[in-house]
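Input: a single structure, listed below in structure tokens.
The values are calculated or read from the model by the stated rules, or taken from the named source; none is laboratory data. From a predicted model like this one, the values you see are computed outputs, not experimental measurements. Positions of Cβ are generated from backbone atoms using ideal geometry, with glycine treated the same way; all protein chains shown enter the neighbour counts.
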């Protein structure tokens, strides 16, 4: 028999369900004798005992199904192989990408590329082609995220949610279904709702900055190709830089200097560029870059740069 992390809990709960079934059967038999009252009471009590444990068994079966879908390996010597983490994260990110109902070959390729850039494993490119790309239903998504939360550190959970936000914005569209999926993920990762909103705005600001850079480079190429003097691109305006800085801090246009300073202090305390042992060095670089973006946004808004 293949052993998994859920084998023992299933055995224990299964034993309780068998006891409940035996109790109900014995109670029904006694109800036809002189101990009818006792038999009925025993059958009813056994029934409610079974009702208590049946949902737990279904939750375990769902968790094991997600674990297997995420690449879970059989237990050998009591240790679970760590190589399933990229696959679990791939499933999570693909579920985010498919939230708008339009995930296809392009979205799968984008998520594959995203995972490859963050897990520097030479064999991962081949493995990714074999992995099933499917969006998880709500119960399996919650179970998967709970498992990841138990496995990852607090800073890693923040970085993982940041990745989810980047994937949600990857197709340049933003719909309510994606917002709902991100809300479920942030909740089960244990992130404060306000802080999760700030992380989303940081991801949005980074995407905006990348697109602005691409547009600026494209303008330079066109100007160089046209050979016209003075036809270079226009630098990003101060208003645009301010808007992106506010996005990075999760503030709106009406934010005062005091609110900016207070949010900066909050984020400096919350951000942890270290402690990314499970997600690897690229995740740590990502977290460090987010910290730098917060600092740059604060300097842009306060004129201290």
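Of the residues making up segment 256-300, not one is at pLDDT 85 or above and on the phi > 0 side of the Ramachandran plot. Only residues that are assigned to a helix (DSSP H, G or I) and free of Cβ contacts under 8 Å to residues at least 40 places away in the same chain were counted across segment 153-193, and they come to 9. One residue alone among 207, 145, 181, 175 is farther than 16 Å from residue 248 by Cα and modelled with pLDDT under 85, and that residue is 175.
When you look at residue 96, is it at pLDDT 70 or above and in a helix (DSSP H, G or I), yes or no? Yes: the conditions hold for residue 96. Considering segment 223-239, and only residues there that are in contact with a helix residue (DSSP H, G or I) (Cβ under 7 Å, 6 or more places away or on another chain) and surrounded by fewer than 14 Cβ atoms within 10 Å (Cβ to Cβ), the residue that is modelled with the lowest pLDDT turns out to be 231. For segment 148-166, which residues satisfy the criterion of being closer than 18 Å to residue 248 by Cα and over 10 Å from the mean Cα position of the chain (by Cα)? Scanning segment 148-166 gives 155, 166. Taking (1) at pLDDT below 75; (2) not assigned by TED's automatic domain parsing to the domain that holds residue 255 in turn, residue 220 satisfies each apart from (2).
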